[in-house]
Amino acid sequence: MILDHAQDLLGTWQYAERYLGGGTRGYSAYSADMDIPDRYHPQRGRRRFTVPTFVVPPGLGVFLPSRLESAVAGLYRAGDAFLLPVHPATLTHGPLPGRDVLRSAERGPDLLVVPSANARTVFVERMGGVPVEPHFVKLHYPRRLSRFVRSLRQPVISAQLWACEEMAAAGLPVLPETGGGVLGTEPDTAWGFLVREFRPRAGNTVGPGHGPPGDGDFAAGPPHYTVPLFALYGHDVRRPDDPTLMEQLIARSTEAAADWLARRVVVPMVRLWLSAARQTGCALELHGQNALFAFDRDGRRTAVLYRDCDVYIDPGIRRARGMNRDLPPANVISRDVHQPPAHMFGLTYDGFMAHHALSRLADVAAGALGVATHRLHRAAREAFAKHGGPTVPLPDTVFGYRDRLRRDGGWQLRDTGVPPEWRMAAGSRRTS
């Protein structure tokens, strides 16, 4: 994609999601796996497709509101009932709880959607043929995409809404998740959807400054364009000879490449991850899909944002901060996740953010722009020390998933024994 040919915000974001991920799915043996029909595949599929909705009356399901008020979430309310969007491929899945209910349910308006990079979250453009405020819906998808089967159950939806409320209250740059609903009344089997807005609330941005999130000249909102982080360093699968978006923005900014990447990508990501961990106990999964990069065409005004609040939560950090809100029904470390907090924070910092995203960005920058990787490592370590990294529980070495699938859909961690490159090791904190 050439910047001079960029469309409006929505069109640019959609193109980037689908086609600017070339070369970015090599971080595990399963990262490129997608059990999805070609017609719904982000790259091979149709430009748009329709998602049916069904009217779920009281007693057959539950609508899950958020504390964050939202007109977009209201689109899915119908009096005491609500509209349940269902991915077309989910409707053909054999063991689908509530299938008989759907067969006899009243049909709601179809959604006209565009798939995002992860396939089961979609951009919604129209409802019943009528344009609506652009937004996302995250859909139940009981098939494997990458490592996991992407079911969306009631406890997880409730946990996502809870985490988003906490992050929004802390002023973090998160796309608001403002409601959802499930078919069924038993939480362990009820499944459904979640509504996500298109923009963070005003003032919630992380620019290239050195203060807390929201500093600098970003109080009025993020820059114009937004893309998933991987679109910065991925190649265009339709136009593989085009320079990466990162190369184009750096050339337009007139900054040195290493400085631009450190100030506008590496440091804001480290600051954002640490702000979430220290202020809310949430371990953000800032990999290439969930981290978002906002920019203006000249490359001089940029910000890092976040989406998808299906995150792990550490009650220990929250207790230490005197945060007494009841915990959500899922994703709580040491209760629902039987791993020490340090291992889970290490997985998300060293695995998801550092290995899956920043290391790939650094590799591309080294090859295309001659950026010395150690300069980006140094910027990350300095930001880690400056913004409270030593106060977050993290291991001395890098933890990641064991690279194998389990029949029960679970996962295990392994200690790689490798010291972290994008932060200080825990044993060095006292000297930092």
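The values are calculated or read from the model by the stated rules, or taken from the named source; none is laboratory data. Everything numeric in this text was worked out from a predicted model, so none of it was measured. Every residue, glycine as well, gets a Cβ built from its backbone with ideal geometry; the counts of neighbours run over all protein chains shown. All accessible areas refer to the heavy atoms of the entire protein, side chains included, with ligands and DNA or RNA removed. Shrake-Rupley method; radii C 1.70, N 1.55, O 1.52, S 1.80 Å.
Starting from the Cα coordinates of the range 3-162, work out the convex hull volume and express it per residue in Å³. Please list the in-between numbers first.
On the way: hull volume 23.2 nm³, N = 160.
Considering the Cα atoms of the range 3-162, their hull volume per residue is 145 Å³.
Please work out the average accessible area per residue across the chain, using the 1.4 Å probe convention, and give it in Å².
Details: 16880 Å² over 432 residues.
Each residue of the chain exposes 39 Å² on average to a 1.4 Å probe.
Out of (1) 94, 57, 40; (2) 63, 50, 42; (3) 74, 74, 43, which label holds the value of Cα extents along the principal axes in Å that was computed here?
(2)
For the range 41-54, what does the Karplus curve 6.51 cos²θ - 1.76 cosθ + 1.60, with θ = phi - 60°, yield as ³J(HN,Hα) per residue in whole Hz, taken in order and with x for Gly and Pro?
6, x, 9, 8, x, 5, 5, 9, 8, 9, 10, x, 10, 10
Given the C-alpha atoms of the range 124-174, compute the convex hull and give its volume per residue in Å³. Mind showing how you got there, number by number?
Details: hull volume 6.9 nm³, N = 51.
With only Cα atoms used, the range 124-174 gives 135 Å³ per residue.
For the range 331-418, with all protein chains present and a 1.4 Å probe, just round the carbon and sulfur fraction of the accessible area to a whole percent. Can you show the working numbers first?
Numbers: 1940 of 4110 Å².
Here carbon and sulfur together make up 47 percent of the probe-accessible area.
Peptides 247-259, 88-100: what's the order by average Cβ count within 10 Å, highest mean first? Walk me through the numbers on the way to the answer.
Working: 247-259: 17.7, 88-100: 13.5.
So the peptides 247-259, 88-100, ranked by packing, come out 247-259, 88-100.
Compare the peptides 14-26, 233-245, 299-311 by average per-residue count of other Cβ atoms within 10 angstrom and give them in order, highest first. Could the numbers behind the result be given before it?
Values: 14-26: 20.5, 233-245: 18.0, 299-311: 23.2.
Those peptides, ordered most packed to least, come out 299-311, 14-26, 233-245.
Ordering Ser104, Ser116 by accessible area with a probe of 1.4 Å, largest first, what comes out?
Ser104, Ser116
Pulled fully out, how much extra length does the chain show between Thr391 and Glu106, if you take 0.36 nm times their separation in residues and subtract their Cα-Cα distance?
On the way: separation 285, 0.36 × 285 = 102.60 nm, distance 5.28 nm.
Result for the pair: 97.3 nm of gain on full extension.
Let me check something: with ligands and nucleic acids excluded, how do Leu369, Leu284 order by accessible area (1.4 Å probe), largest to smallest? Intermediate results must be reported in sequence, preceding the final value.
Working: Leu369 60, Leu284 0 Å².
Per-residue accessible area, sorted high to low, gives Leu369, Leu284.
Looking at the chain, what % of its DSSP beta bridges pair antiparallel, to the nearest 5? Walk me through the numbers on the way to the answer.
Values: 58 of 61 bridges.
If I count the DSSP bridges inside the chain, around 95 percent turn out antiparallel.
Could you derive backbone 3J(HN,Hα) for the range 324-340 from the dihedral phi with the Karplus parameters 6.51, -1.76 and 1.60 (θ = phi - 60°), listing whole Hz in sequence and x where the residue is Gly or Pro?
For the range 324-340, the Karplus curve yields 10, 4, 4, 6, x, x, 8, 6, 8, 5, 6, 10, 9, 10, 8, 9, x Hz.
Whole-Hz ³J(HN,Hα) for each residue in the range 299-311, computed from phi via Karplus 6.51 cos²θ - 1.76 cosθ + 1.60 with θ = phi - 60°, x for glycine and proline: what do you get?
My calculation for the range 299-311 gives x, 9, 10, 9, 7, 10, 10, 9, 9, 6, 8, 7, 10 Hz in order.
Which value in nm describes the separation of the simple spin-label points at Val237 and Arg48, placed 7 Å from the Cα toward the beta carbon?
So the two model labels end up 2.2 nm from each other.
Given the whole protein assembly as supplied and a 1.4 Å probe, what does the accessible area of Trp162 come to in Å², nearest 10?
Here the residue's solvent-accessible area equals roughly 20 Å².
How tilted is helix 267-280 with respect to the longest principal axis of the chain? Cα atoms for both, answer in degrees (0 to 90, nearest 10).
Between helix and principal axis, roughly 60 degrees.
Between Gly180, Gly74, Gly59, where does the largest GNM mean-square fluctuation fall for the chain, given springs only between Cα atoms within less than 10 Å?
Greatest mean-square fluctuation among the candidates belongs to Gly59.
For the chain, what is the calculated [θ] at 222 nm in deg cm²/dmol (nearest 500), taking -39500 (n - 2.57) for each run of four or more DSSP H residues and dividing by its residue count? The partial results should precede the final answer.
On the way: 13 runs with 110 residues, N = 432.
Helices in the chain give a 222 nm mean residue ellipticity of -7000 deg cm²/dmol.
Provide the gained length on full extension for the span Thr416 to Leu96, in nm with one decimal, where the gain is 0.36 nm per separating residue minus the Cα-Cα distance. Can you show the working numbers first?
Details: separation 320, 0.36 × 320 = 115.20 nm, distance 3.80 nm.
This chain segment gains 111.4 nm when fully extended.
Can you send over the solvent-accessible area of Ser66, 1.4 Å probe, protein chains only, in Å² to the nearest 10?
In the full protein context, Ser66 sits at about 30 Å².
Met323: accessible area at probe 1.4 Å, nearest 10 Å²?
Approximately 50 Å² of Met323 is accessible to the 1.4 Å probe.
Using packing as a proxy for protection, rank 391-402, 2-13 so that the peptide with the highest average count of other Cβ atoms within 10 Å comes first. Write out the running numbers ahead of the final one.
Numbers: 391-402: 18.7, 2-13: 14.2.
Averaged packing, sorted descending, gives the order 391-402, 2-13.
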